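Visitor: I am attaching a structure below and will ask some questions about it afterwards.
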Amino acid sequence: MAVAQTKDAEPLTELRAAAAEPASQTGPEFDKDEEFHALKQMLLIRRFEEKAGQMYGMGLIGGFCHLYIGQEAVVVGMQMAIKEGDQVITGYRDHGHMLACGMDPKGVMAELTGRRHGYSKGKGGSMHMFSVARHFYGGHGIVAAQVSLGTGLAFANRYRKNDNVSLTYFGDGAANQGQVYESFNMAQLWKLPVIYVIENNRYAMGTAVNRATAQTDFSKRGASFDIPGEQVDGMDVRAVKAAGDRAVKWCRDGHGPFILEMKTYRYRGHSMSDPAKYRTREEVEKVRTEHDPIEQVRARMLTTKRASEEILKAVDAEIRKIVNEAAEFATHDPEPDPAELWTDVTR
Ligand SMILES: Cc1ncc(C[n+]2csc(CCOP(=O)(O)OP(=O)(O)O)c2C)c(N)n1
Ligand SMILES: [Mg+2]
């Protein structure tokens with residue numbers, strides 16, 4: 001249990017008990033539509049990121065570029081637990097979050113290549129995209145900066161008296177940053193509807209989590225603020241959705257913030273310039289072969305006969321087409337007009 005004992009905790013006992021369940025809990029089975037939805041969304045992110053990696057290698061994308069490959073089940077499962085109007089905010093490993101929020105892959109890819117129809121008119125790049133229409137609030141390069149901003153989004157929901165929830169994502173490294181705890185304090189004090197989704201992918205740049213972190217059970221990080229937390233198998237999209245459902249209900253019912261630690265893994269280096277020498281190939285291969293979030297769904301669908309190999313191939317082809325069109329668009333869209341150098345600049 002991730003929560004310190006307090007006198008007034010009685011009405012919350014049931015949910016808090018659920019929060020104590022182990023990370024291996026899978027949650028209820030998905031129905032056929034949910035399986036297809038999760039598969040397509042995760043594949044879209046995987047193929048998009050693979051393409052972005054290739055385009056970076058070809059020199060079409062410059063600057064920072066942090067890929068989300070391996071972590072797809074986290075954002076896809078959480079997105080399945082929320083409703084229209086709920087906000088999403090994250091750090092710089094953000095392409096998956098944008099796609100899951102329904103942002104146009106062409107606009108995201110064109111931003112990566114620095115073209116005029118990118119989400120920031122080609123002037124922001126990988127870490128700086130935003131879509132109020134799709135309730136996506138960035139895209140932040142300063143580690144943990146989004147945590148106080150995401151808490152502010154929750155404050156806005158409270159202030160406006162709507163029942164929306166803010167999903168505030170950050171990494172295991174970011175979890176050691178001071179403003180996270182100032183945010184936790186205010187969020188609990190004001191009972192703000194914010195879910196802190198900690199994506200524990202085991203590394204912060206080249207530093208393994210146990211080398212930099214005294215308490216590696218991140219679900220306990222809210223203990224001194226009396227914020228409940230839960231560890232989740234972040235490679236299993238069903239477990240993520242189930243945990244997301246519980247946390248969202250907690251927030252919408254007015255109990256305040258909730259912490260979800262997603263135990264996940266990134267397959268690629270920290271960014272495109274990272275040769276990832278701080279871990280072995282075998283370590284990556286083991287996760288890929290035994291826990292891959294997409295393979296789990298594919299295997300399940302074949303076993304339950306919800307899909308044949310042919311259907312799964314067709315789904316992959318459909319997703320590859322969307323990604324290829326995005327890449328095509330992002331390669332041929334013109335660069336911003338030089339006059340744009342003087343717009344969107346704060347004096
Ligand atoms: C305030 C601040 N400090 C340091 C950095 C450099 N930096 C960029 S990413 C990163 C590691 C963050 O790791 P984590 O939170 O685990 O996220 P992940 O990259 O694993 O998704 C660091 C230290 C930064 N961008 N901002
Ligand atoms: Mg990390």
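Visitor: Go ahead and estimate [θ] at 222 nm for the chain from helices alone: -39,500 (n - 2.57) per DSSP H run with n ≥ 4, summed, over the residue count, rounded to 500.
Guide: It lands at -13500 deg cm²/dmol.
Visitor: Farthest toward the dipole's positive end in the chain, which of 219, 203, 42, given Cβ charges of +1 (Lys, Arg) and -1 (Asp, Glu) about the Cα centre?
Guide: 203
Visitor: Let me ask something additional. Short version: ³J(HN,Hα) in whole Hz for each residue of the range 159-166, in order, from phi by Karplus 6.51 cos²θ - 1.76 cosθ + 1.60 (θ = phi - 60°), x for Gly and Pro, what are they?
Guide: Couplings: 5, 7, 6, 8, 10, 7, 10, 9 Hz.
Visitor: If the only charges are +1 at each Lys and Arg Cβ and -1 at each Asp and Glu Cβ, what is the size of the charge dipole of the range 190-347 around the Cα centre, to the nearest 20 debye?
Guide: I would put it at about 780 debye.
Visitor: Let me ask you something else. Which lysines, if any, have their Cα less than 21 Å from the Cα of residue 241, not counting same-chain residues under 8 positions apart?
Guide: Cross-link targets: 32, 40, 83, 220, 249, 263.
Visitor: With each label point set 7 Å from Cα along the Cα-Cβ vector, what nm distance links residue 212 and residue 331?
Guide: Calculated label separation equals 3.6 nm.
Visitor: Spelling out what I want: for every residue of the range 290-306, take phi, set θ = phi - 60°, compute 6.51 cos²θ - 1.76 cosθ + 1.60 (Karplus), and round to whole Hz; glycine and proline get x.
Guide: 9, 10, 4, x, 7, 4, 4, 5, 4, 4, 4, 5, 6, 4, 7, 6, 7
Visitor: Would you work out which of 264, 170, 148 lies farthest towards the positive end of the dipole of the chain, given +1 charges on the beta-carbon of Lys and Arg and -1 on that of Asp and Glu, about the Cα centre?
Guide: Result: 148, furthest along the dipole toward the positive end.
Visitor: Give, as a single signed number, the net charge of other residues whose beta carbon lies under 15 Å from the beta carbon of residue 156, with Lys and Arg counted +1 and Asp and Glu -1.
Guide: +2
Visitor: Test of understanding: in a Gaussian network model of the chain with alpha carbons linked when under 10 Å, which of 315, 287, 132 would top the mean-square fluctuation ranking?
Guide: Sorting by GNM fluctuation, first place goes to 132.
Visitor: Toward the positive end of the charge dipole of the chain, about the Cα centre and with charges on Cβ (Lys, Arg +1; Asp, Glu -1), which of 101, 291, 119 goes farthest?
Guide: So the residue we want is 119.
Visitor: Ranking request for peptides 133-142, 243-252: highest mean number of other beta-carbon atoms within 10 Å first, then the rest in descending order.
Guide: For the peptides 133-142, 243-252, the packing ranking is 243-252, 133-142.
Visitor: Still on this model: If you build a Gaussian network model of the chain, linking Cα atoms that sit under 10 Å apart, which residue out of 103, 301, 129 swings the most?
Guide: Checking each option, the largest mean-square fluctuation is seen for 301.
Visitor: Highest mean first, what order results for 324-333, 111-120 on Cβ atoms within 10 Å?
Guide: Going by the mean number of other Cβ atoms within 10 Å, highest first, we get 111-120, 324-333.
Visitor: Can you tell me which of 31-40, 167-176 comes out highest on packing, and rank the rest after it, using the mean Cβ neighbours within 10 Å?
Guide: 167-176, 31-40
Visitor: Considering only the other residues whose Cβ falls under 15 Å of the Cβ of residue 192, what net charge follows from Lys and Arg at +1 and Asp and Glu at -1?
Guide: Cβ neighbours under 15 Å give a net charge of 0.
Visitor: May I ask for the net charge around residue 49, where only other residues with Cβ less than 12 Å from the Cβ of residue 49 are counted and Lys, Arg are +1 while Asp, Glu are -1?
Guide: +3
Visitor: Continuing with the same structure: For the chain, what is the charge dipole size about the Cα centre, in debye to the nearest 20, if Lys and Arg each add +1 at the Cβ and Asp and Glu each add -1 at the Cβ?
Guide: That gives the chain a dipole magnitude of about 360 debye.
Visitor: How far apart, in nanometres, would the label points at residue 341 and residue 148 be if each is projected 7 angstrom from Cα along the Cα-to-Cβ direction?
Guide: Once both label points are built, they end up 3.3 nm from each other.
Visitor: Convert each backbone phi in the range 123-135 into a coupling constant with the Karplus relation 6.51 cos²θ - 1.76 cosθ + 1.60 (shift: θ = phi - 60°), then list the ³J(HN,Hα) values in order as whole Hz, x for Gly and Pro.
Guide: Listing the rounded values in order: 10, x, x, 3, 8, 10, 10, 7, 8, 5, 4, 9, 6 Hz.
Visitor: Using 0.36 nm per residue of separation minus the Cα-Cα distance, give me the extension gain between residue 308 and residue 58 in nm, one decimal.
Guide: Result for the pair: 86.5 nm of gain on full extension.
Computed from the coordinates by the stated procedures, all read-outs in this text should not be read as laboratory data. These numbers were taken from a predicted model, which means no experiment stands behind them. Cβ sites come from the backbone with ideal geometry, for glycine too, and all protein chains shown count toward neighbours.
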